[in-house]
Amino acid sequence: MCKIEGMGGIVTILLAVFAALVAGCGSPSLTQLPATAPLSAPSEPTLETLRLESVVSAAILGLMEFEDPTNFAQAPDRWVYVSGQPGLIVAISDPAPQKEGKTHSVYEILDIREQVSDRGWEEGLLGLAIDPYDAAYLYLYYSAANPRRSVVSRFSIPGPDSPAAADPNSELVILEVPQPYANHNGGQLAFGPDGYLYIGLGDGGSAGDPQGNGQDTSTLLGTILRIDVSEATKEQTYTIPPDNPFADGGGRPEIWAYGLRNPWRFSFDRETGELWAGDVGQNRWEEIDIIERGGNYGWNAMEGNHCFRPPSGCESEGFIPPVWEYPLEDEAYSVIGGYVYRGAAIPWLIGVYVYGDFCTGQVFGLRYADGEVVEHKLLADTGLRIASFGQDNDGELYVLSQGEGIFRLVK
């Protein structure tokens, strides 16, 4: 595959059509440390290997003209909403793999393809989150054109009992952010344990952050935002949580953390509340971060733990280093942030951060304890173009693949 100048740098192998979404790539091992070996003797059970079970095939999704899944979110009634990059959302009856001869019920829930721009490889319907207080509200993040911008909106979803009734005209636009380029759009939406909505935005695109957005807190680009949408109205679509780091000045009050290149996927550990993010690298390093209030993650002065601008002798003081990084070597790779596993079906995986790589299709497990990584291992070599992960209400994990469908991780 390749590094596309967008999420990652220079095209070295041609799979451009799919690199679009999350391109930016590197080798699956950390410098001087093999990815499949424990870093020290872990106190928890040693990581093993996983396999995939199909939940919904690409063929079934194709019958509904559904393409390129980007998000997976389960409502309290156990229906799962899955977004497709062109702008179609479907509901799946139950995410658990079906017995032989049985199939899932899949319904079209919302079609906003006419208002979504996916002309750029990294544009489209990129984020989806269910309101934790009212599951009839769905929050979306999508790209729009004329002018190019990212849009965060709320839609009313009557529910899967009457999927045709979902109304694109119910949209309440929460936030719009101008985008100078077609790449590095971020796109993740997630409600935190505090009930606030978190939004991931890339640095604005091109390559190397030419506008310096990553270190500029006067812009929303290159950040993770945190806003309160609990009482959203047309007159006031969101408010600022009073404990946001710049709520009283010094930067845009919506900002929760900054210095990020393209936080394509992030998630909250449902037990500890920690916010984990996979930040797609430029030409040399992919990184995984634990996001802190007011944290500066270094881009574009640094790429991972390494100087980027200038290429040597940079000042790293004040930057929060990644929890984990891996280099780009023979091919191009692109980190896909996942979830800390909190399910019951795979006991030895509990507490492990599971993430993947779009270009290789590999899935890794990272055990983090007392401020350091104590174990890191290849869990599955899927061969899929992994665009995203999903987590159901029981804490089980899913792989969303471009071109192959949706799968559940099982032991």
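The values are calculated or read from the model by the stated rules, or taken from the named source; none is laboratory data. Everything quoted here is computed from the prediction, not taken from an experiment. Reconstructed Cβ throughout: ideal geometry from the backbone, glycine too, with neighbour counts over all protein chains shown. What goes into the accessible areas is simple: the full protein's heavy atoms, side chains included, and nothing from ligands, DNA or RNA. Shrake-Rupley method; radii C 1.70, N 1.55, O 1.52, S 1.80 Å.
Structure data summary
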| read-out | value |
| --- | --- |
| Cross-chain or 6+ apart pairs with Cβ under 9 Å, the range 74-87 first and without any contact (Cβ under 8 Å) to a residue 40 or more places away in the chain and under 23 Å from Trp121 (Cα atoms), then open to solvent by 20 Å² or more (accessible area, probe 1.4 Å) and among the acidic types (Asp, Glu) | Pro86/Glu65; Pro86/Glu67; Pro86/Asp68; Pro86/Asp118 |
| Enumerated strands (runs of 3 or more DSSP E) restricted to the range 194-281, each holding at least 3 residues that are over 17 Å from Gly338 (Cβ atoms) and not hydroxyl-bearing (Ser, Thr, Tyr) | 197-201, 223-227, 255-258 |
| All strands (runs of 3 or more DSSP E) inside the range 298-397 with 1 or more residues being farther than 22 Å from Gly259 by Cα and among the hydrophobic types (A, V, I, L, M, F, W, C) | 335-340, 352-357, 362-369, 372-381, 386-391 |
| Members of the range 288-297 found to be open to solvent by 10 Å² or more (accessible area, probe 1.4 Å) and part of a strand (DSSP E or B), listed by number | Ile290, Ile291, Asn296 |
| Qualifying residue in the range 240-255 (condition: within 22 Å of the chain's Cα centre (by Cα), open to solvent by less than 10 Å² (accessible area, probe 1.4 Å) and under 24 Å from Gly313 (Cα atoms)) | no |
| Residue check for Asn183: under 20 Å from the mean Cα position of the chain (by Cα), at pLDDT below 95 and not in a strand (DSSP E or B) | yes |
| Output for the range 92-103, where each listed residue is open to solvent by 10 Å² or more (accessible area, probe 1.4 Å) and either under 24 Å from Tyr339 (Cα atoms) or modelled with pLDDT of 90 or more (or both) | Ser93, Asp94, Ala96, Pro97, Gln98 |
| Filtered residue count, the range 202-237, keeping only those that are open to solvent by less than 10 Å² (accessible area, probe 1.4 Å) and over 21 Å from the mean Cα position of the chain (by Cα) | 0 |
| Selection count where residues are aromatic (Phe, Trp, Tyr) and part of a strand (DSSP E or B), scope the range 115-148 | 4 |
| Test for Tyr368: is it among the aromatic types (Phe, Trp, Tyr) and closer than 25 Å to Gly214 by Cβ | yes |
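Yes or no, residue by residue, for (1) part of a strand (DSSP E or B); (2) modelled with pLDDT under 90; (3) in contact with a Phe, Trp or Tyr (Cβ under 7 Å, 6 or more places away or on another chain); (4) surrounded by 15 or more Cβ atoms within 10 Å (Cβ to Cβ):
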| site | (1), (2), (3), (4) |
| --- | --- |
| Leu52 | yes, no, yes, yes |
| Gly62 | no, yes, no, no |
| Thr70 | yes, no, no, yes |
| Ala73 | yes, no, yes, yes |
| Asp77 | no, yes, no, no |
| Tyr81 | yes, no, no, yes |
| Pro86 | no, no, no, yes |
| Val90 | yes, no, yes, yes |
